[in-house]
Amino acid sequence: MPVRVRALLCALVPLVFTPTLAAAQGAAVKVAYVDTRELLDKAPGRTEADAQWKKEAQAMQDQVQRMQDSLQAMITAYQKAEATLSPAARETRQKSIGDKEQEYQTRTQALDLQAQQRQAQLLQPIIDQIKVALEDIRKEEGLTMILDVGSQANPIVAIDKNLNITDKVLVKLRSMPVPQVAVPTAPAGAAKPPATPPAGPVAAPAGAAKPKVPPVN
């Protein structure tokens, strides 16, 4: 699971209501649990959100590849002509390559961040709907609290599986409207990515960071 998705699961922290307060008021404490990892994986709209993100992520990868190809071409051309260049010309060409490399690295980092933010944006409507479904089930079942065994900070080491209401929440989610995938509108004049990615990987030039953007899982 991507780091960003794990972080988003923190938004599904259990709806906890203090049991000591309920007990003090004479109310029975009724507990159930869910696995938010399973809820997020199987929630309506997740397949569509993932497909949209992979499509956009591929376009970003294609952009990184084109920039890398351009940088590699500059380096190759310089290496072929280096022996015939004057010191001043070599310095000029080296500076151009350095500037291009810096531009490449800056853009790669920006695309990496953009990919993470876009994934979060696509998943947020699904997370919001899971929260609504959890609260609805809590009220319907008369639960005091719902615990999350899918949380990274999960303190539970053993629990009665009969208390698992993950399937009930999934049924509730499937009865709700499917969250719509927000498709970005390309700005006017924006260049379209190529229909197919460039053939064959090109080794990163010396000193250039390999593209980290964005992983398509």
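All of the numbers you see were taken from the coordinates with simple rules; none came from a lab. Here the structure is a predicted model, which means the values were calculated and not measured. For neighbour counting, all protein chains shown are included, and Cβ atoms are generated from backbone atoms with ideal geometry for every residue, glycine included.
Summarising the amide proton neighbourhood of Tyr33: residues at separation of 5 or more, or on other chains, whose placed amide H is nearer than 5 Å comprise Leu147, Asn164, Ile165. Here the calculated FRET efficiency for Met74 and Ala110, from their Cβ-Cβ distance with R0 = 22 Å, stands at 0.60, rounded to the nearest 0.05.
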